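I have placed the structure first, in the form of structure tokens, so that the comments after it can refer back to it.
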Amino acid sequence: MLDLCCSYGINAALLNHDLTLDDLYAHYTSPRAAAMTTEELAEHDRSFFRARRRRDAVPVIGLDIAPNAIAYARAVGLLDDGYAENLETAPPTRDLLDAARNIRLITITGGASFLSRATFQPLLDTARTLPWVAAFVLRTGSYEPIAEHLAGHGLTTETYIGHTFVQRRFTGAAEQQYAIDAVTAQGQDPEGKESAGHFHTTLHLARPAADANTPSLDELVAR
């Protein structure tokens, strides 16, 4: 799995460990964690995640422009490999391309608004097998340009309409108003979602045509 805009490896933490997001909030907001230095927290996290590692854990590669976040996620064992690169402004390094050859799933949670075909093109070109692309996209923007690019590589994008997914709280009234206006401009209704105080995302899943509906997107989300 390749996690785009991975930050400190939270997706890897949730995927590969017996943890919920509430567990992570409790872990990092505890008085004990708050009193630790970065070095002490890293040592604590190594033990914390090792004790909760799932037997069916999958290798995760992280890609983000933040080198400190990548370094920390690697140091505590959340990422098997990680690269601090910005493919929007520069071509990928050979090391990243070599690591990406065997990816089977690309994930994005909230970062799609920063990305374009410039990020996806080299990753898809180098993959030995076309990977699935699972993107939780903020409702403030359109995913259509990326979906069209993925289609050019033989990936069909499905959009989950069952419900939306909370991303984070707004930092203040100005950000909330921006989101409400942007969502409305996209032809969507912010009522009960952005109007209630949070960014919301929509799930888009791209798969090769041969994999579409096996299982269905509804079944995958229900799991």
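With the radius of gyration and the Kirkwood radius both derived from the Cα set of the chain, what is their ratio Rg to Rh? Result: Rg/Rh = 0.96.
Per-residue 3J(HN,Hα) values for the range 206-211, derived from phi via the Karplus relation 6.51 cos²θ - 1.76 cosθ + 1.60 with θ = phi - 60°, read 9, 9, x, 3, 5, 9 Hz in sequence order (x marks Gly and Pro).
Scanning residues 5 or more positions from A212 or on other chains, none has an amide H under 5 Å from its amide H, with H placed 1.01 Å from N in the peptide plane.
Most tightly packed first, judged by the mean number of other beta-carbon atoms within 10 Å of their residues, the peptides 51-63, 139-151 read 139-151, 51-63. Where does the Debye-calculated log10 I(q)/I(0) of the range 1-100 sit at q = 0.11, 0.16, 0.21 Å⁻¹, using only Cα point scatterers of equal weight, no solvent? Log10 I(q)/I(0), no solvent term: -0.34, -0.68, -1.07. Spatial offset of the range 123-185 relative to the range 1-64 amounts to 24 Å, using the alpha carbon center of each.
Computed from phi, the 3J(HN,Hα) profile of the range 158-175 under the Karplus parametrisation 6.51, -1.76, 1.60 (θ = phi - 60°) reads 10, 10, 7, 10, x, 6, 9, 10, 5, 9, 6, 6, 6, 7, x, 5, 5, 5 Hz, with x in place of Gly and Pro.
In order along the range 101-108, phi translates into HN-Hα couplings of 4, 9, 5, 10, 8, 10, 10, 9 Hz, rounded to whole numbers, per the Karplus curve 6.51 cos²θ - 1.76 cosθ + 1.60 with θ = phi - 60° and x for Gly and Pro. Here the calculated FRET efficiency for Y28 and A210, from their Cβ-Cβ distance with R0 = 30 Å, stands at 0.15, rounded to the nearest 0.05.
Read-outs: derived from the displayed coordinates by stated rules, not from any lab. Worth saying up front: this structure is predicted, and the values here are computed from it rather than measured. Cβ sites come from the backbone with ideal geometry, for glycine too, and all protein chains shown count toward neighbours.
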